[in-house]
Amino acid sequence: MTAFLRNLVFCISFVICVLPAEAATPVQSETFQFSGVCNGNQQLNTFFITTPGAVTVIGGDISIFSNPQGGIDFAYVATLPASGIASTELVNLGLGQTHVRSFFPSGTGITAFSNGFAFSLSCNPGAGAWSALVTVWFTPT
């Protein structure tokens, strides 16, 4: 009886082992550092991820780690528009916030090409210097 059970367990484990596993989609991220001085104008910084070609962007993050006096009025990260492609906002930081993270619903995202991204920030003139980290999460398309 023990030989029978041992063979049965072996057969079951063999069948389970040879079943193909579903491949996971790798999630990648890149983080960028920006800084400036509050001048009362919207400050626009463009950046590009190093992965060539199209990617599916699934989320974004803004962290203000050097907050000027009076705080940030607003900041956002968006894809840059290209021919036939509208700009899409990934994440938006509101008045007085210092951190925000946003993800698209599971299984969705936006396709971004080599046209890149924009980080925009505004704060009151004379409020001082600001520094921020921006992270974009994506999967290869």
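Residue-level analysis places Ala86 outside the set of residues that are small (Gly, Ala, Ser) and within 16 Å of Phe32 (Cβ to Cβ). Is it the case that Thr98 is β-branched (Val, Ile, Thr), under 12 Å from the mean Cα position of the chain (by Cα) and closer than 20 Å to Ser63 by Cα? Judged against the criteria, Thr98 is not a match. Screening Ala78 against (1) within 16 Å of Ala54 (Cα to Cα); (2) part of a loop (DSSP other than H, G, I, E, B) leaves a single unmet condition, (2). Is there a residue in region 58-70 that is in a loop (DSSP other than H, G, I, E, B), more than 16 Å from the chain's Cα centre (by Cα) and surrounded by fewer than 18 Cβ atoms within 10 Å (Cβ to Cβ)? Within region 58-70 (the criterion being in a loop (DSSP other than H, G, I, E, B), more than 16 Å from the chain's Cα centre (by Cα) and surrounded by fewer than 18 Cβ atoms within 10 Å (Cβ to Cβ)), the answer is yes, since at least one residue qualifies. Within region 74-100, residues that are touching a residue at least 24 places away in the same chain (Cβ under 8 Å) reach partners that are aromatic (Phe, Trp, Tyr) and surrounded by 17 or more Cβ atoms within 10 Å (Cβ to Cβ) with beta carbons closer than 7 Å, at six or more positions or on different chains, in the pairs Val77/Phe117; Val77/Phe119; Ala78/Phe117; Thr79/Phe117; Leu80/Phe117; Val91/Tyr76; Leu93/Tyr76. Picking from residues in region 124-136 that are surrounded by fewer than 21 Cβ atoms within 10 Å (Cβ to Cβ) and assigned to a strand (DSSP E or B), the one that is farthest from the chain's Cα centre (by Cα) is Ala129.
Bear in mind that the values in this text are calculations on the coordinates, not laboratory data. Treat the numbers as computed from the prediction; the structure is a model and nothing was measured. We place every Cβ from the backbone using ideal geometry, glycine too, and count neighbours over all the protein chains shown.
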